[in-house]
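Undergrad: One structure, pasted below without further comment.
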Amino acid sequence: MSSISSPHPNPNPNPNPQFPQLSNSIKSANFKCRKFQSQNSPNWLELPEEVWFLILSKLSTIHVIENVQKVCLLFRNLCKKPSMFKFIDMTLEDAYMDLPYDPNVMTRFAVDRSGGCLIDIYLEYVCDDDTLMYIVERSKNLKHLRLGHYLDVSDAGLIEAVKKLSMLEELELIICNYSVVTIEAIGCACPSLKSFSLNAVGSNNCTLARNEEALAIAKTMPNLHNLQLIGNYMSNEGLKEILDGCPLLESLDLRACFLIDLSGDLGKRCNQIKSLRLPFDSTADYSHEACEEFLADKWSSLQNDDDSGGSGFFGF
């Protein structure tokens, strides 16, 4: 595991990694709180801590560690509190893809800051088996785990990790290639799982149809209330198994599941679910790729037809 060295000597050695200093442009924006206050303006420093926590929670963990904690003494003290790291968002924007250090080290640093209070973590692009195990071994209260976009977490690594998360309630796998064996292992290891997402990039190529993932979900996750399968390659057979095996479903997301035909009785069964997203429903509120590029224009035209009173596929 690589380490991160500070460009400036630290008179008080700290076992936690030190991250690069802010650029001059960011330093110049460092709040000098009193200068921003006039006699007639409120003292924003007196806002309750819970308000600041709510505001700062809108930022990614990378921004909190690299920028926010260096703004002023108030923010630095807030960023040292475990409650600031109950939710860790390690999603890497384009600007951070060439970081001069290993983001896995920053993830571990954030987990250490959480002091065991971590309940929700989102890891995207960068995470390995060792880091995932580091997280779960120090986060016994973890309820929600999100893994996105081809992480360097193997099937074996994920299986070993979920064995330590028997109380996990929500798991999202977003455009990750995991085997059916891994999906079954997740269901067996996490009996408290109420929400599961297994999202891929959809295709209308019938030769790609497969139901193994759907069967694994139906077999091992009977207590699911929410299931998201954007871009899945299952057919009607797989969907039927899910409806039979997961009787508690209140929310089902089938967007970009182009190999499903909901024009018959199966569609009627789905319509009994409280919150249902159909294969050709809009993905405007979904921040990841949902279908292959050649389908995008066709999908867009279908949605425009629906908006103008026309009918989409399967009569919806």
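Undergrad: Looking at region 262-277 only, could you name the residues that are open to solvent by less than 30 Å² (accessible area, probe 1.4 Å) and under 27 Å from the mean Cα position of the chain (by Cα)?
TA: Listed by number, the residues that qualify are 270, 273.
Undergrad: Are there any pairs, at least 6 apart or on different chains, whose C-beta atoms fall under 6 Å, with the first in region 125-149 and on the phi > 0 side of the Ramachandran plot and the second of a type in the set (Ser, Thr, Tyr) and modelled with pLDDT under 95, and if so, which?
TA: 149/125
Residue by residue, here is whether (1) at pLDDT 85 or above; (2) more than 18 Å from the chain's Cα centre (by Cα) holds:
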{"residue": "88", "(1), (2)": "yes, no"}
{"residue": "97", "(1), (2)": "no, no"}
{"residue": "102", "(1), (2)": "no, yes"}
{"residue": "108", "(1), (2)": "yes, no"}
{"residue": "122", "(1), (2)": "yes, no"}
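The values are calculated or read from the model by the stated rules, or taken from the named source; none is laboratory data. Because the structure is predicted, anything quoted here is derived from the model rather than measured. No Cβ is skipped: glycine too gets one built from the backbone with ideal geometry, and neighbour counts run over all protein chains shown. Just so you know, the surface numbers come from the protein's heavy atoms only, side chains and all, with ligands and any DNA or RNA stripped out. Shrake-Rupley method; radii C 1.70, N 1.55, O 1.52, S 1.80 Å.
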